[in-house]
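Right, one structure below, let's go through it.
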DNA sequence: CAATGGGTGGTTTTT
DNA sequence: CCACCCATTG
């Protein structure tokens with residue numbers, strides 16, 4: 001490795017990079033201490049100085065995004081080709097790819113489908129119905145999410161359904177708290193029910209040839225634990241965000257590292273924010289026990305933030321009494337204090353953020369751009385007011401997270417077809433696809449098919465096919481003919497898929513065969529944007545194909561879904577292979593020779609694509625690729641590991657920070673710490689004294705996290721935004737490693753800003769009351785005036801102000817939706833008006849009908 | 001039996 | 001603004 005890469009490391013970082021690979025290493029890295037840099041440089045070091053094969057290195061990240069970033073950074077250090085050999089990804093993705101390859105070793109089928117939480121929820125919901133009556137008599141209602149979360153917790157700890165049931169039956173094994181509860185009491189009934197649900201849920205998943213996220217880890221542990229060969233390739237494993245690993249992930253690390261026990265982990269207990277997902281900070285301690293020679297290196301030098309941001313952040317987290325005190329230094333100057341402001345409502349708060357962003361652009365003479373700003377929220381639904389305000393002021397923005405791309409119904413429709421083709425046993429996909437678009441196959445018919453499938457031990461798809469092929473009697477209300485438009489496309493696509501057709505082409509063919517675009521137009525008001533999403537899915541597939549196929553040409557490629565160690569190992573050392581490990585169910589005959597053939601059958605591009613789809617959370621849209629100069633709105637959780645020059649954290653209020661549902665208050669405090677430490681140059685905390693909570697404006701108090709700090713150390717925050725003096729600008733530039741802005745430009749932009757502010761920003765108009773936005777003078781507003789454009793034919797229609805979907809962010813444009821239902825009387829027209837409080841005077845395209853009057857509302861209102 | 005529309009209630013955080 | 005439940009209609 002070139003000297004230059006090591007040159008700009010500090011001493012601690014350098015020690016971490018060059019640390020003896022054979023001695024387990026814990027790097028405890030505070031925020032902004034360059035941990036990713038250390039991790040990547042260490043990997044480069046291992047390869048170039050310690051002669052470790054890239055393909056023997058396993059790098060585990062917490063999210064796909066982090067994996068991609070690491071891949072990018074490494075590419076710059078050691079080149080794309082070498083980088084692509086490293087086995088990199090999330091624990092889930094790594095498990096998934098090894099499980100595909102070695103499915104038979106843990107009695108799975110290679111074509112298992114990864115079940116997402118939506119489908120899990122539906123499964124639980126179905127199972128829950130059987131218990132509902134019994135529970136209702138005791139006035140208990142169990143919500144699916146609650147059940148699922150308990151199941152997930154059990155699974156993350158490695159408790160099987162039997163373990164849980166045993167614990168219930170044998171009171172001596174119970175925890176004390178549970179012991180107190182009388183047997184037969186309500187809580188015992190709940191426990192019993194949940195244990196049963198857990199068992200049935202697992203059974204259902206297996207019947208569906210499916211694994212949920214937790215299963216990927218559980219089966220991964222089994223695979224690596226019971227079949228040492230599978231992990232033999234690993235000479236060094238590096239784990240990022242170690243403080244957020246759960247028990248299963250810890251064990252995975254152990255078993256993958258088993259052969260050489262060469263481990264590097266990076267973590268920061270102060271940033272552990274995933275306890276609710278069964279992450280255990282204790283894993284840091286546990287590692288030191290399990291790997292007794294572990295060395296700790298502390299990275300305490302923060303390169304990211306100004307002194308005042310760091311001081312405020314540390315003051316927040318230091319309130320945690322159980323925290324192990326740690327130091328963090330910064331080389332940067334103090335800089336302007338973080339701002340702490342109160343607003344009367346979320347709208348003023350949001351409006352302030354929007355105008356402040358504009359002001360900062362001006363005040364820095366455009367040294368800052370839109371993408372330098374982030375708004376970090378405790379939860380996604382807080383984004384509405386922010387999005388709305390940014391839209392209002394024409395600030396480009398993007399919401400990260402939120403409802404995920406892959407959870408959108410149009411995307412799920414397409415994926416369901418793909419899943420059915422790949423894994424006909426996966427019932428959720430079958431049930432969805434079989435009647436999309438509507439074929440007149442309803443609930444009853446589907447459940448009849450499912451029952452037949454269960455009793456005959458066939459996949460539901462086979463049942464449908466047999467009915468269609470007349471190999472099986474039809475169902476009472478004849479359904480055979482209706483199945484034609486389902487079975488024919490499936491047969492077609494299946495053939496293509498088995499011949500290794502590219503997923504993108506499969507999707508295109510599918511869209512054609514089932515006339516999906518038509519279906520959207522007929523059924524969805526926002527068909528255009530939904531169709532865009534479908535196109536985006538094709539783009540995702542294309543991108544995937546390009547990346548994947550280039551990797552496939554490499555003999556030992558590491559990317560998710562890629563052919564990995566197992567196969568080559570078997571061929572290299574066939575005698576070493578443990579044949580007993582195979583299960584008894586007939587697949588046992590697989591020999592190294594036969595395997596490659598089978599493998600080629602297994603790893604259809606479709607399957608790899610589906611796996612990637614299920615494991616990736618978000619997708620880069622065409623839009624964001626073309627123009628990513630946008631303000632980021634996202635959750636504090638999703639912001640982990642990222643940084644921005646300017647960060648806003650709104651809603652720092654009781655009930656939000658900490659969340660009223662949070663179990664662990666200290667974790668919430670750390671979450672706020674994580675959010676604050678994302679900021680490089682400027683940090684704005686704000687709270688509102690009133691906030692709309694489920695339709696009702698409720699008074700809000702400032703978060704105790706801040707209140708306590710503010711009281712004990714008053715000087716940490718400033719009550720007004722920084723005026724951004726020349727000195728501030730220079731500091732900002734130095735923190736960001738940018739050139740200081742041109743002074744003439746600053747004054748020119750500022751002048752321009754204040755000249756136009758009054759016009760563009762209606763919030764700054766004088767004389768408004770708090771609720772002026774929610775009760776606008778009705779005369780100055782609009783409402784559809786039906787007739788003009790709408791008279792001619794007969795239809796039902798909806799009019800929307802601002803379909804505020806993330807993938808089509810053109811809010812406040814009037815959209816018209818027409819239902820062609822010619823039998824309906826022409827005069828019968830219905831409108832729905834979605835009007836956000838911010839939407840005062842929407843731009844109405846001239847092509848749409850003129851509007852009469854508006855009924856003041858802050859909610860949906862029908863006319 | 002299926003489709004559709006209307007009404008309603010409810011949202012932490014994520015692989 | 002979704003997902004879900006219900007009533008009505010085809």
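Derivation of every value follows stated rules applied to the coordinates shown; laboratory data play no part. Not measured: the values here are computed from a predicted model. Cβ coordinates were reconstructed from backbone atoms using ideal geometry, including for glycine residues, and neighbour counts include every protein chain displayed.
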* Structure fact -> residue A:661 and residue A:69 label points (each 7 Å along its Cα→Cβ direction) are spaced in nm at 2.7 nm
* To do: Could you list A:114, A:133 in order of exposure, starting from the residue whose Cβ has the fewest other Cβ atoms within 10 Å?
  => A:133, A:114
* Taking 1 over the mean of 1/r across every pair of different Cα atoms in region A:212-369, what Kirkwood radius in Å do you get? -> 19.5 Å
* Rg and Dmax of region A:12-68, Cα atoms, in Å? -> 11.6, 31
* Which percent of Cα pairs goes in each bin when the distances of region A:430-494 are cut into 10 angstrom slices starting at zero? -> 23, 63, 14
* **Between region A:393-415 and region A:69-128, the alpha-carbon center distance in angstrom** => 22 Å
* Just from the alpha-carbon atoms, what are the Rg and Dmax of region A:258-297 in angstroms? -> 11.5, 32
* Return the FRET efficiency for the residue pair residue A:319, residue A:698: r is the Cβ-Cβ distance, R0 is 35 Å, and the value is rounded to the nearest 0.05. => 0.85
* Along Cα→Cβ, 7 Å out, is where each label goes; now give me the distance between the ones at residue A:149 and residue A:748 in nm to one decimal. => 5.5 nm
* Asked: Quick one: Cα centre-to-centre distance for region A:205-280 and region A:321-391, in angstrom?
  -> 35 Å
* **Segments A:153-159, A:635-641, A:469-475 sorted - mean Cβ within 10 Å per residue, highest first** => A:635-641, A:153-159, A:469-475
* To do: Based on other C-beta atoms within 10 Å, arrange A:619, A:546, A:708, A:147 from fewest to most.
  => A:546, A:708, A:619, A:147
* To do: Can you check what the Kirkwood hydrodynamic radius comes to for region A:1-122, Cα pairs only, in Å to one decimal?
  => 16.3 Å
* Structure fact -> Scattering profile of region A:297-396 from the Debye formula, Cα beads only, expressed as log10 I(q)/I(0) at q = 0.12, 0.15, 0.17, 0.23 Å⁻¹, is -0.56, -0.83, -0.98, -1.24
* To do: Tell me the label-point distance for the pair residue A:125, residue A:331, using the 7 Å Cα-to-Cβ offset, in nm and rounded to one decimal.
  => 5.5 nm
* Structure fact -> Neighbour-count ranking for A:384, A:726, A:323 (other C-beta within 10 angstrom, fewest to most) reads A:726, A:323, A:384
* Asked: So what's region A:472-512 giving for Cα Rg divided by 2.2 N^0.38 Å, two decimals?
  -> 1.46
* Kindly give Rg over Rh for region A:285-354, based on alpha-carbon atoms, with the Kirkwood expression for the hydrodynamic radius. => 1.17
* How large is Rg over Rh for region A:677-737, taking Rg from the Cα atoms and Rh as the Kirkwood inverse mean of 1/r across Cα pairs? -> 1.10
* To do: For residue A:488 and residue A:736, calculate 0.36 nm times their separation in residues minus their Cα-Cα distance, and state this gained length in nm to one decimal.
  => 83.4 nm
* Structure fact -> One computes Rg over Rh for region A:210-293 from alpha-carbon atoms, with the Kirkwood Rh, and obtains 0.97
* Pairwise Cα inverse-distance average, inverted: Kirkwood Rh of region A:625-718 (Å) -> 14.5 Å
